[in-house]
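S.K.: For reference, the structure I am asking about is given below.
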Amino acid sequence: MESKIIFALDVYDYNTAMELARTVGEKVFAIKINWPVILENGIKIVRDLSKYANIICDFKLADIDNTVSMITTKVKEYGGYGIISHSFTGLNSLKAVVKSAGNMKVFSVVSMSQESYLDNITEELIKISREAGVYGLVAPGNRPYYLKKVKELSEGLKIISPGVGAQGGDIVNAMLLGSDYVIIGRSIYNSLDPLGTLEGFSSSINNKLNK
Ligand code: O7M
């Protein structure tokens with residue numbers, strides 16, 4: 001069965017990143033990287049990590065069309081599988097990401113795992129995301145009310161959800177409410193046995209959802 005887990009590889013060190021990717025890469029749907037690993041190692045690490053898994057670059061793009069296009073083009077050049085953009089910057093910016101992404105999957109943030117997120121604009125953000133042609137939406141796995149709301153309005157767009165584990169969300173709950181994939185970072189990479197912990201998350205989904 002295809003893994004439902006996206007591993008958030010939020011570390012700085014090159015060797016640590018590569019070792020974690022080698023250990024869990026085959027057992028996850030994708031590895032999501034963010035600024036910490038890029039700031040330390042540069043964009044080339046996308047290519048290196050791609051040996052082990054699909055790499056989603058969580059750069060949370062939020063800029064004018066030209067800038068987001070330039071960043072997206074670079075991620076594509078280095079073999080990214082996907083890229084994550086904000087959507088509050090509006091339709092033109094998000095369309096520019098989708099256009100430059102080519103075959104890469106574009107995910108747009110429409111709600112966040114932090115309570116302080118401006119949830120009053122989520123409905124509009126989903127509308128913009130759909131119109132721009134994104135592949136999926138980011139919605140919180142630790143805030144059931146908002147995850148459910150995004151699911152109801154998603155019209156088939158994939159939903160990926162952070163907030164499970166370290167931020168208090170429950171993996172089975174998130175999947176039942178509509179997440180297609182959950183994003184998990186610290187609970188896995190800070191564990192003494194990252195692979196065992198990952199397999200524990202996977203089997204809790206398989207046990208509950210296949211009953
Ligand atoms: O499991 P954690 O809490 O260690 O990591 C969660 C990851 O998801 C981490 O990389 C965050 O930057 C990211 N994330 C959130 O925690 N909350 C959000 O609302 C959105 C994201 C995210 O991945 O956005 C694409």
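Coordinate-derived values only; no laboratory data. The structure displayed is predicted, hence computed values, not measured ones. Here the Cβ positions follow ideal geometry from the backbone for every residue, glycine too, while neighbour counts run over all protein chains shown.
S.K.: Treat each spin label as a single point 7 Å out from the Cα along the C-beta direction, and report the V172 to Y14 distance in nm.
M.R.: A separation of 4.3 nm, rounded to one decimal place.
S.K.: Now a separate question. Can you tell me what percent of all Cα-Cα pairs in the range 45-97 are more than 14 Å apart?
M.R.: For the range 45-97, the fraction of Cα-Cα distances above 14 Å is 48 percent.
S.K.: Another question about this same structure. Calculate, axis by axis, the spread of Cα positions in the chain along the three principal axes, and write the results as whole Å, longest axis first.
M.R.: 44, 38, 30
S.K.: Right, another one. For the chain, build the charge dipole from Cβ charges (+1 Lys, Arg; -1 Asp, Glu) around the Cα centre, then report which of S154, S87, I56 sits farthest towards its positive end.
M.R.: S154
S.K.: Looking at the range 84-172, which GluC sites (Glu not before Pro) are in a loop (DSSP not H, G, I, E or B) and have at most 13 other Cβ atoms within 10 Å?
M.R.: E115, E155
S.K.: How big is the Cα convex hull of the range 165-211 in projection, averaged over all directions, in nm²?
M.R.: Answer in nm², one decimal: 3.2.
S.K.: If you don't mind, there's one more thing I want to ask. With 24 Å as the cut-off, how large is the P(r) tail for the range 49-158, expressed as percent of Cα-Cα pairs?
M.R.: 22 percent
S.K.: Then there is this: Please tell me which of these pairs span more than 29 angstrom C-alpha to C-alpha: K51/K127; K60/K149; K44/K95?
M.R.: Beyond 29 Å: K51/K127.
S.K.: Quick query: amide H of G169 versus all other amide H atoms, modeled in the peptide plane; which residues come in under 5 Å with a sequence gap of 5 or more or a different chain?
M.R.: When sequence neighbours closer than 5 places are left aside, the close amide H contacts are V164.
S.K.: Here's something else I'd like to know. Would you mind classifying the range 124-211 by shape? Square roots of the alpha carbon gyration tensor eigenvalues, ordered a ≥ b ≥ c; an a/c under 1.5 is rounded, otherwise it is prolate if a/b is larger than b/c and oblate if not.
M.R.: prolate
S.K.: Right, another one. Please give the charge dipole size of the chain, origin at the Cα centre, charges +1 on K and R Cβ atoms and -1 on D and E Cβ atoms. Round to the nearest 20 debye.
M.R.: Dipole size: approximately 420 debye.
S.K.: Using Cα centres only, tell me the gap between the range 101-130 and the range 151-176 in whole Å.
M.R.: A separation of 13 Å, based on Cα centres.
S.K.: Provide the packing ranking of 160-169, 42-51, i.e. peptides ordered by the mean count of other C-beta atoms within 10 Å per residue, highest first.
M.R.: Highest to lowest by the protection proxy: 160-169, 42-51.
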